[in-house]
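> Pasting a structure below so you can have a look.
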Amino acid sequence: MQYPPRVRIHGVFRGIGSFAVRFRWFVVVAWVIAAIAIPRALPSLSSVTQGNNANFLPASAPSEHALKLAAPLGGSTLTPVPVVAASAQGTLTRAEQAWLQKLQQDLGKVPTVVKVRDLGHSPDGQAAQLQVLSNVSQGGAGTGVTTLVKDLRNTIARDAPPSGLDVHLAGAVAIQVDQQAKSGNTDSQIQLLSIIFIIGLLLLVFRALLAPLVTLIPAFFAVLISGPLVAEAAQHGLKVSPLAQILLIVLVLGAGTDYGLFLVFRVRENLRQGLERKQAVIAAVERVGESITFSAATVIAALLSLLFATFEFYSNLGIPLAIGIAVMLLAGLTLLPALLAIFGRAVFWPSKTQEGTGKTGVWGRVSVRIVRHPVPTLVTGLVVFGGLAFAVTAYTAAGFGGDTTAPTGSDSAAGAKILAAHFPNTSANPTNIIYQLKQPAWNDLQALETARSQLEASGLFTSVAGPLNPNGATLTPAQLTALHDKLGPPQLLPATPPPGTNISPLAYQLYRAIALYISPDGRTIQFETGLKAGDPSTTAAMNTIPAVRAEAATVAHGIGAADYGVGGEAPAIYDISSISNSDLATVIPIAIVVIGILLALVMRSLVAPLYLIISVGVSYLAALGLSVLLFVEIAGDGGLVFFLPFLMFVFLLALGEDYNILVMSRIREEAQHRPLKEAVSRALVATGTTVTSAGLVLGGTFAVFAIVGAQQGSDQFRDVGAGLALGVLMDTFLVRTLLVPSTVVLLGRWNWWPSKMSRPDATLQAVPADGTADARDEQLDAPVRDPAGEH
């Protein structure tokens, strides 16, 4: 006998369920071995994260072009790590200067270090700055940067700074490593709190002791395995942000528990309908396996649509999370059925699983109201959601720079404090204006003075430091020419004046500091500026970059420069903003089309996918509007993190369709046996508790993410966690259980167009999948009771 495609699909999942049940002990042992061996063999995920969003920019970005121009100054080909030292005794003593010279030599012996430059003393003479240049890749992921920072700090400690001399690492690399250590702790905290929350919630849902653990174990194993797999991919070029690291845990635990709930609730329903333990598991996988697989497929498809983004922050976010969901799907279809087959009815003890137990409960009453009054239900929901969506008009973007602040109490924080106290403000986080000259700068130093004066007169900067005013002091073109004629290239000078130079120590140190502003061949120069708009990480600073670039172009024309660029954090976040907006317009249509195709396949309909995707769009706008009301209008924040709308849409589109697939698949299953209104009612009773429980689990894990982020002072994590939690909860309690069923009732048989079920004369008889299907269909005709009803 030739069965229809849907029946053949059920046969595939029945085979998967039969395998997991028959070889249950082998499946469990295999997963245990994998969960132990893979984390031991592969690197940890926290060791490969990158906190600076500028690391994800494409090579075509203008700020990346500026980095290339700065290469002769040591700004791009090697990874710089500033080492700062400050004396508590006032001016640096001879003994402290001698110690710093020895430290410079010892730091040069650290593996991967190419050279160590002495950038001279601060204007007050109380601090000094070295710059370590390493060939380790800062942009690439891996343990290289972490090892470098560890070795540098060990060298400083081993050399034992003199009493009263504070020595610390500073800059982006040291901050990144300290952030990784912090994010590893945040990672563990979120994972622990999420597990505690999920177990507590599942205890309330199941009223059973083993059920929460059995449901959560596959998700926990998936987290243990997927993290190292992603870290290994990072070793081969994948860039992983701290957000990806945390979202991997939250998404796998949340979505994985949801898939577990889909299966566990169906097993309990089958047991209450009288099926034997093993047959109950196999039948559950047969019926729910397709829903779980397509649910995971929609999430993976949405995540992989991020690969079409040009901003690597987005494109590299999809792969780690897709890996996590794929591992979770495999665990949900193999490990969970094996565990359920091993423990059987004991999973649900002390609740009742005997045939005929359970009652309709609250979802029986809700379903009756929806079936009887679909129009008021739908209109009321749309009015409420429309009102919340209107608040989106007040949305303001922020947080483009990522987290580039040193963690409180860290070594890099102490280094940043020394930079701020003893060196010009521009040296801590400057906006660099770089020029490539047609002839060496030494031939026309007056042109450099003219360039600096024009930049200062623009009104865009609080200060402009360059070759004629290094480290905050001033040299005239004539003085600089005389020093160059007598001392030669500043890059080659020792830390102290050679005997017989007859130059004051202050002038000597100022000239040595010029190495930061003029390249050895004299054809590349740079100015370090402070933006009048504010800190480079702010949105106000970002908005001033077009004017800064225009002014830099004017000056370049005036001095006859061959090329120019504007580098630093503010230009980088401006490029991030531009690329992010263009990616939003590219990725979202692709995600909608891909998920629409998957929904059409699983629903066997071209109509249902349309309103299901629209329903996600409505809940997305409402959730984003509610986030704006809470954080911008009420809390008074300057804006929400810039990638929140993007991630909310992709995640809610994918995760919302999880619940759509479960509910609509059950409605379709029931509609093959009975009239549509009755099918909707029975489906809501059967899936209501599953969907609300799953939504509470997923929304709760995102809420944990938001709370921990707020406690850690990360507005990015707080905004993303809170926005996704609000979206999931609204989608669960309003869209999926009220608006969608109302729409199904109103559309009637047109829900299934153009499949056979859309025909007026379609029969309400399911096609048997195997020889036992008729008996199971008779059981399905029995009254459906709420799976969370009587215990």
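> Residue under question is Ala441, and the condition is that it be open to solvent by less than 20 Å² (accessible area, probe 1.4 Å), more than 16 Å from Ser122 (Cα to Cα), modelled with pLDDT of 90 or more and small (Gly, Ala, Ser); does it hold?
yes
> Name every residue in the range 482-529 that is within 18 Å of Leu130 (Cβ to Cβ) and among the hydroxyl-bearing types (Ser, Thr, Tyr), in order of residue number.
Thr496, Tyr508, Tyr511, Tyr517
> For Glu232, indicate whether it is charged (D, E, K, R) and under 26 Å from the mean Cα position of the chain (by Cα). First the steps, then the outcome.
On the way: charged (D, E, K, R): yes; under 26 Å from the mean Cα position of the chain (by Cα): yes.
The answer is yes for Glu232.
> Out of everything in the range 264-305 that is of a type in the set (Asp, Glu) and open to solvent by 10 Å² or more (accessible area, probe 1.4 Å), what residue ends up being modelled with the lowest pLDDT?
The qualifying residue modelled with the lowest pLDDT is Glu269.
> Give just the number: which of (1) under 27 Å from the mean Cα position of the chain (by Cα); (2) modelled with pLDDT under 90 does Ile36 not satisfy?
Looking at each condition in turn, Ile36 falls short on (2).
> Still on this structure, I have one more. So in the range 20-31, with the set limited to residues that are part of a helix (DSSP H, G or I) and touching a residue at least 60 places away in the same chain (Cβ under 8 Å), which one is surrounded by the most Cβ atoms within 10 Å (Cβ to Cβ)?
Going through the range 20-31, the residues part of a helix (DSSP H, G or I) turn out to be 20-22, 24-31.
Within this subset, residues satisfying the condition of being touching a residue at least 60 places away in the same chain (Cβ under 8 Å) are 20-21, 24-25, 27-28, 31.
Numbers: Ala20: 24, Val21: 21, Arg24: 21, Trp25: 11, Val27: 22, Val28: 18, Trp31: 22.
Only one residue tops the list, namely Ala20.
> So which residues in the range 306-321 are in a helix (DSSP H, G or I) and open to solvent by less than 10 Å² (accessible area, probe 1.4 Å)?
Leu306, Phe313, Tyr314, Leu317, Gly318, Pro320, Leu321 - these are the residues of the range 306-321 that are in a helix (DSSP H, G or I) and open to solvent by less than 10 Å² (accessible area, probe 1.4 Å).
Each row is one residue, and each column tells you yes or no for (1) touching a residue at least 24 places away in the same chain (Cβ under 8 Å); (2) under 28 Å from the mean Cα position of the chain (by Cα).
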position: Arg277; (1), (2): yes, no
position: Ala283; (1), (2): yes, no
position: Glu290; (1), (2): yes, no
position: Phe294; (1), (2): yes, yes
position: Val299; (1), (2): yes, yes
position: Tyr314; (1), (2): yes, yes
position: Gly318; (1), (2): no, yes
position: Pro337; (1), (2): yes, no
position: Leu340; (1), (2): yes, no
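> Quick one: is Ile576 of a type in the set (Val, Ile, Thr), without any contact (Cβ under 8 Å) to a residue 60 or more places away in the chain, farther than 23 Å from Thr737 by Cβ and assigned to a helix (DSSP H, G or I)?
Values: of a type in the set (Val, Ile, Thr): yes; without any contact (Cβ under 8 Å) to a residue 60 or more places away in the chain: no; farther than 23 Å from Thr737 by Cβ: yes; assigned to a helix (DSSP H, G or I): yes.
Answer is no for this residue.
> Next question. Does any residue of the range 164-186 turn out to be open to solvent by 40 Å² or more (accessible area, probe 1.4 Å), at pLDDT 85 or above and in a helix (DSSP H, G or I)?
No, that holds for no residue.
> For residues that are touching a residue at least 24 places away in the same chain (Cβ under 8 Å), in contact with an Asp or Glu (Cβ under 6 Å, 6 or more places away or on another chain) and open to solvent by less than 30 Å² (accessible area, probe 1.4 Å), tally how many sit in the range 447-476.
2
> Another question, if that's okay. Would you confirm, using the coordinates I've provided, whether Gln354 is open to solvent by 20 Å² or more (accessible area, probe 1.4 Å) and either β-branched (Val, Ile, Thr) or at pLDDT 85 or above (or both)?
no
> From the residues in the range 712-755 that are free of Cβ contacts under 8 Å to residues at least 60 places away in the same chain and among the aliphatic types (A, V, I, L, M), which one is most open to solvent (accessible area, probe 1.4 Å)?
Checked the range 712-755; the qualifying residue most open to solvent (accessible area, probe 1.4 Å) is Leu729.
> Shifting gears a bit: Filter the range 137-154 down to the residues that are buried (at least 16 other Cβ atoms within 10 Å of the Cβ) and closer than 21 Å to Lys417 by Cα, then identify the one that is modelled with the lowest pLDDT.
Val149
> Quick check, is Ile588 hydrophobic (A, V, I, L, M, F, W, C) and either open to solvent by less than 10 Å² (accessible area, probe 1.4 Å) or at pLDDT 90 or above (or both)?
Answer is no for this residue.
> Within the range 66-118, track down each residue that is within 20 Å of Ala572 (Cα to Cα), surrounded by 19 or more Cβ atoms within 10 Å (Cβ to Cβ) and of a type in the set (Ser, Thr, Tyr).
Of everything in the range 66-118, just one residue is within 20 Å of Ala572 (Cα to Cα), surrounded by 19 or more Cβ atoms within 10 Å (Cβ to Cβ) and of a type in the set (Ser, Thr, Tyr), namely Thr79.
Table: residues versus (1) at pLDDT 85 or above; (2) open to solvent by less than 30 Å² (accessible area, probe 1.4 Å).
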{"residue": "Gln479", "(1), (2)": "yes, no"}
{"residue": "Asp485", "(1), (2)": "yes, no"}
{"residue": "Leu492", "(1), (2)": "no, no"}
{"residue": "Pro499", "(1), (2)": "no, no"}
{"residue": "Leu506", "(1), (2)": "no, no"}
{"residue": "Tyr511", "(1), (2)": "yes, yes"}
{"residue": "Tyr517", "(1), (2)": "yes, yes"}
{"residue": "Thr539", "(1), (2)": "no, no"}
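> Which is in contact (Cβ under 8 Å) with a residue 24 or more places away in the chain and under 27 Å from Arg24 (Cβ atoms), of Leu248, Leu263, Leu243, Leu238?
One residue alone meets the criteria, Leu263.
> Residue by residue through the range 672-684, note down the ones that are open to solvent by 10 Å² or more (accessible area, probe 1.4 Å), assigned to a helix (DSSP H, G or I) and of a type outside the set (Asp, Glu). Write out each step before concluding.
First, the residues of the range 672-684 that are open to solvent by 10 Å² or more (accessible area, probe 1.4 Å): 672-678, 681-682.
Among the residues that remain, those that are also assigned to a helix (DSSP H, G or I) are: 676-678, 681-682.
Once the filter is applied, which keeps residues that are open to solvent by 10 Å² or more (accessible area, probe 1.4 Å), assigned to a helix (DSSP H, G or I) and of a type outside the set (Asp, Glu), the range 672-684 yields Leu676, Lys677, Ser681, Arg682.
The values are calculated or read from the model by the stated rules, or taken from the named source; none is laboratory data. Note that the structure is a prediction, hence the values are computed from the model and not measured. Cβ: placed from backbone, ideal geometry, glycine included. Neighbour counts: every protein chain shown. Heads up: the accessible areas ignore ligands, DNA and RNA and are worked out on the full protein's heavy atoms, side chains in. Shrake-Rupley method; radii C 1.70, N 1.55, O 1.52, S 1.80 Å.
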